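Below is one structure, written out as structure tokens, with a few remarks after it.
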There are 2 protein chains.
Amino acid sequence: MQLSPTAQRFVLHWGEMGTRWGVNRTVAQIHALLFLADRPLNADEIVETLGVARSNVSVSLKELQGWGLVRVVHVMGDRRDHFQTFEDVWDIFRVVVEERKRREIDPTLTVLRDCTLEAESDPMLSDSARRKLQMSLDFMESMAEGYDELKRLPPATLMRLLHFGSKVQRWFGRKDEAPDNERK
Amino acid sequence: MQLSPTAQRFVLHWGEMGTRWGVNRTVAQIHALLFLADRPLNADEIVETLGVARSNVSVSLKELQGWGLVRVVHVMGDRRDHFQTFEDVWDIFRVVVEERKRREIDPTLTVLRDCTLEAESDPMLSDSARRKLQMSLDFMESMAEGYDELKRLPPATLMRLLHFGSKVQRWFGRKDEAPDNERK
DNA sequence: ATTAAATTTCAGAAAAGTCAGAAATTAAAG
DNA sequence: CTTTAATTTCTGACTTTTCTGAAATTTAAT
């Protein structure tokens, strides 16, 4: 499959962004390609379009399936697997957020819970360090909670919520006007 | 400086999380260490505590200063630089979000704007691809907007907002009940 | 100015991550 | 059951990133 220069730029940039967020470049590129494609693509089409090794595509597709971002479909009269991803960016966003929560936030929560518990009876730890560990735990729990909310919202709601941010701020922001930018 | 086992676990885990999100392990570890420390630390104390090379610490500290996460302070009667970070996790969160927006989201917005513009007159591009590019742009713009709101909120407000998520959902969620989980 | 301490730069070693091609496996068709 | 197509696994080469130790530079004190 021949990519238009526009599509090519999109795919390449997405690959770069992937690397910045801890995602393999090829994985991100394949995902971008499937996103733009008008139909499910088979592995060889991806190989041809992106110019990477067949094996690389195979591994990357497995990775994307592991994330729940790509699924296999079949085309009539063709025995090869074909791959597609969501058409709606918001769906992609939600899946990514959900998976990162599961893979990184949740384990971090476990560690933080252990740490705060352990901290109570750790004589080497200062009160202020104890306090900061507790704060980190509270923070992460708020984040996890926020994530869970997020994933329940339908895309349109989410979008409206984001656009609505400034108004929410006006409602909620009244009470704590302390700039609170000073340190230690 | 000798770390308690609890603090050690925290620092090590934070280093691992860093690598998962595209941040250098040492950089993340140093940041975690400064966060837990009761006072500003000098470079040699960091070297000693984390067991990494002096030069590595120097470069990592520069990186952290580049992110606006660490600042240099001086201790009376000591000519060495000492380093500290925010005490409040929410401050850290806001700085990181802000910086990532500036470094990754904004450049992505530029690319997406170019792409959607180019797409209009690109005959190789299907209508559906054009539409998806536009959707991506809209999405990223919403995200950028949301980020900007976020950074203006004082920590306490942000926290309340997150905890309030479920209620917001009930208000906003009424109109679009389409589960909309199907693909292509 | 000279000396000494502190910090940064730099070049290369070490480690981690990425990727291609061959070999092995699986699945389908005849 | 055999043949062939499709896919996956595995190994090693290559690339990039991370990290160290030495040298160079900067900064401060005498």
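The values are calculated or read from the model by the stated rules, or taken from the named source; none is laboratory data. Just so it is clear, the model here is predicted, and its values are computed rather than measured. Cβ sites come from the backbone with ideal geometry, for glycine too, and all protein chains shown count toward neighbours. We work out accessible area using only protein heavy atoms, side chains counted, and drop any ligands, DNA or RNA first. Shrake-Rupley method; radii C 1.70, N 1.55, O 1.52, S 1.80 Å.
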Where a residue in the range B:114-138 is facing chain A (nearest Cβ under 7 Å) and its partner, wherever it lies, is of a type in the set (D, E, K, R) and open to solvent by less than 60 Å² (accessible area, probe 1.4 Å), with Cβ under 8 Å and at least six apart:
B:M135/A:D88
Among the numbered conditions (1) facing chain A (nearest Cβ under 8 Å); (2) open to solvent by less than 30 Å² (accessible area, probe 1.4 Å), tell me where B:E87 comes up short.
(2)
Tally up the residues in the range A:94-150 that are open to solvent by 40 Å² or more (accessible area, probe 1.4 Å), of a type in the set (K, R) and at pLDDT 95 or above, please.
3
The range B:68-85 residues that are touching a residue at least 60 places away in the same chain (Cβ under 8 Å), paired with ones that are among the β-branched types (V, I, T) and within 11 Å of DNA strand C (Cβ to nearest atom) (beta carbon under 8 Å, 6 or more apart):
none
Can you tell me which condition A:V70 does not meet? The list is (1) within 14 Å of DNA strand D (Cβ to nearest atom); (2) under 20 Å from B:T108 (Cα atoms); (3) touching a Phe, Trp or Tyr at 6+ places or on another chain (Cβ under 7 Å), and all the others hold.
(2)
The range A:43-67 - residue that is within 11 Å of DNA strand D (Cβ to nearest atom) and of a type in the set (S, T, Y) and, of those, surrounded by the most Cβ atoms within 10 Å (Cβ to Cβ)
A:S60
